[in-house]
Amino acid sequence: MQELHTQTLTQLAAGMQRGDFSSVELIEVLLGRIESLDQSLNAFITVTADAALAAAARADDARAAGDAGVLNGLPVVHKDIFCTKGVTTTCGSRMLENFVSPYDATIVERLAAAGAVVLGKTNMDEFAMGSSSETSYFGPVRNPWDRERSPGGSSGGSAAAVAARLAPAATGTDTGGSIRQPAALTGTVGMKPTYGRVSRYGMVAFASSLDQAGVITRSTEDAALLLGVMAGFDQRDSTSIDRPVPDYVASLAKSLKGLRIGIVRQHFDAGLEEKTAAAVRESLAVLEAQGAILTEVDLPNLDLSVPTYYVVAPAECSSNMSRFDGVRFGHRAKDPEDLFDLYCRSRGEGFGAEVKRRIMTGTYVLSAGYYDAYYLKAQRVRQLIAQDFNKAFAEVDIIAGPTSPTPAFRLGDKTDDPITMYLNDIYTIGANLAGLPAISTPCGFVDGLPVGLHLVGPHFGEETVLRCAHQYQQQTDWHEACPEGYQ
Ligand code: GLN
C-alpha cells in the first residue's frame, strides 16, 4: 500500500472505505509527521492533536455504524483566519494571540459535518496582509522546496503543510491571490471560487468585498471534493449567493475538446520571469494538444489592478480593523492612563508594521478630502477591470496565464520594499476585483522551484476551471512532485 501521507484525499477515502486502515491510524501518521517535520517549516500555529484523535475515533465509529459523511475521517487543516470554537484563532497576529471564538465558521462547521478531522490551524501573514507569510507574529513560514525561501502568502502555512505532506488538504482565503500564489510557489493546487460561492461567516474579514474562502490540495479532484462540501448558500453571510451547488467531481471528466482558452497578451510582458514564461507556454501547448482552442484576448486595464487593489483593500481593511481596539476584541494594553491611551497602546502593541501601513493608507484614501480622488476613482477602475473580463468571457471559456511572475523568492528579499512585494500579485488580483473563480495548478519547475498555471473562469464557472486543471493533470505529473526530505 502507498504510504498514507503520500495519498490524496480521494485515495484516502477509497482506502478507508475498503477497510485498509482506520481514521485513527491515518491521523496518527500525520500528527507524527507534523511533530517531527513542522519545526523545519513553521506551517502550524496550533496543532489540535487530542481533538483530532477523538474526532478520528468518532469517524471510525460512524463508518462502522454505516453513517459516514463524504469526508468521514479525512484530515484537513484550517488557515488560522477561520473561527474555531474552543481553539485559538490568531490570524497570525499578536492582536488575537489569545482569541478563542465562541462559534465555528460556516466552512469549519460544514467540513466537520461531512466528517473531516481537523489537525490544526495554519500560519499566515498577519490578518492575511502579505504575499510571503513573513508578516506573521508567529514567525515566517518556510518553503519545503527550499527552506531559505518563502512559500508565498498569505495562506503560506496551508500551502507548506500540503506540499510537505503534513496534511492532504487545507483551507485558505484569497483577497488578492493568497490561495493561488502560495499554491504556485509550493507546487500545490489552489482554488478560489466565485465571490459569494462560499460563506465568509466566521472568516475574519480583511477586505470584505474581495475576501473569498477556498482550498489548497495536491490534486484538482480533491479541490472539487472539498469545494462541493464548503460551497452553498448561508443566510449568515449577506453576500452569500443562493444558487445550487453542482457536483464538481462529476464535472471533471469531460474532455477539453473545443474549450476556448484566452491568452492575455499583457501577461507575457516584461514583468514575467523568462523561465516561468516558458513553463506556462509549454502548459498551454499541452492544453492545445488536448483539443482546447487558444486565442489571444485583451485585458487593457490589467496594469491598473495592483494600484486599484491597494486603494480598495486598505480602505476596507482600515474599517474592518477598527473593531480590534482592546475593548471589543483583541489584545489589551496594561495599565492604561485613560481610554485614549488604552486604544492607542492596544493597537500599537497588537498590530504589526504591514497591518499598520494598510490602516494608515486606508484611512487616508477614505478621508473627507481624498475620498473622491482615491477611493471613488478606484471603485470606478474596478468596474472597468470587471468589464474587461466580461468582454473577454464573451469570446472564451477560460483565461490562462502564469499565477506568479517568479518562483519562490528568498525570505527577507522583499520585506523592505512593499511595492515589489505588492507586484507579486499582478496576475491574481484581477480575479478578486471582478469576483471570478480561479485556480493555480503546478505546471513545471524553474531552477528546482515549482511554478503555477493560472486559470480564471467567468462567474460560477468553477466546473470549467476545475475541469481544465484536472484534464491538464491527467497529462502531466508536476502536481505529484514532492520536495526533498518530505517524501
Ligand atoms: N498579497 C495580497 C495582499 O497583501 C493579497 C493577500 C490576500 O489575498 N489575502 O493584500
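The values are calculated or read from the model by the stated rules, or taken from the named source; none is laboratory data. Note that the coordinates shown come from a computational prediction; the quantities given were computed from them, not determined experimentally. As a convention, Cβ positions derive from the backbone with ideal geometry for all residues, glycine included, and neighbour counts pool all protein chains shown. Just the protein is used for accessible areas: all its heavy atoms, side chains included, with ligands, DNA and RNA removed. Shrake-Rupley method; radii C 1.70, N 1.55, O 1.52, S 1.80 Å.
Tabulated data
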item	result
S36 vs. criteria open to solvent by 10 Å² or more (accessible area, probe 1.4 Å), among the hydroxyl-bearing types (S, T, Y) and either modelled with pLDDT of 95 or more or in contact with a Gly (Cβ under 7 Å, 6 or more places away or on another chain) (or both)	yes
Residue pairs meeting the criteria (Cβ under 7 Å; at least 6 apart or on separate chains; first without any contact (Cβ under 8 Å) to a residue 12 or more places away in the chain, in segment 420-445; second in a loop (DSSP other than H, G, I, E, B) and surrounded by fewer than 22 Cβ atoms within 10 Å (Cβ to Cβ))	T420/K414
Which listed residue, of F233, F206, is at pLDDT 95 or above and surrounded by fewer than 24 Cβ atoms within 10 Å (Cβ to Cβ)	F233
Filtered residue count, segment 190-249, keeping only those that are part of a loop (DSSP other than H, G, I, E, B) and small (G, A, S)	11
Criterion: small (G, A, S), in contact with a helix residue (DSSP H, G or I) (Cβ under 9 Å, 6 or more places away or on another chain) and open to solvent by 50 Å² or more (accessible area, probe 1.4 Å) - qualifying residue of S283, S255, S240, S318	S255
Qualifying residues in segment 339-369 (those that are basic (K, R) and under 20 Å from V311 (Cα atoms)) - the one most open to solvent (accessible area, probe 1.4 Å)	R357
So L53, is it in contact (Cβ under 8 Å) with a residue 12 or more places away in the chain and open to solvent by less than 40 Å² (accessible area, probe 1.4 Å)	no
Condition met for P336 (under 28 Å from the mean Cα position of the chain (by Cα) and either of a type outside the set (K, R) or open to solvent by 50 Å² or more (accessible area, probe 1.4 Å) (or both))	no
Test result for T84, of a type in the set (V, I, T) and in contact with a helix residue (DSSP H, G or I) (Cβ under 6 Å, 6 or more places away or on another chain)	yes
Index of the failed condition, S322 passing every other in (1) assigned to a helix (DSSP H, G or I); (2) farther than 30 Å from L96 by Cα	(2)
Selection within segment 28-50 - within 16 Å of K121 (Cβ to Cβ) and part of a helix (DSSP H, G or I)	L30, L31, I34, E35, D38, A49, D50
Criterion (within 15 Å of the ligand (Cβ to nearest atom) and among the small types (G, A, S)) met by exactly one of G187, G232, G202, G153	G153
Test for V117: is it away from the ligand (no atom under 16 Å from the Cβ), closer than 22 Å to Q235 by Cβ and buried (at least 24 other Cβ atoms within 10 Å of the Cβ)	no
Test: E395 is surrounded by fewer than 16 Cβ atoms within 10 Å (Cβ to Cβ), charged (D, E, K, R) and either closer than 30 Å to E463 by Cα or within 27 Å of the chain's Cα centre (by Cα) (or both)	yes
Residue identified as part of a loop (DSSP other than H, G, I, E, B), away from the ligand (no atom under 16 Å from the Cβ) and buried (at least 24 other Cβ atoms within 10 Å of the Cβ) among P442, P407	P407
Selection from segment 448-487 of residues that are small (G, A, S) and in a helix (DSSP H, G or I)	A469
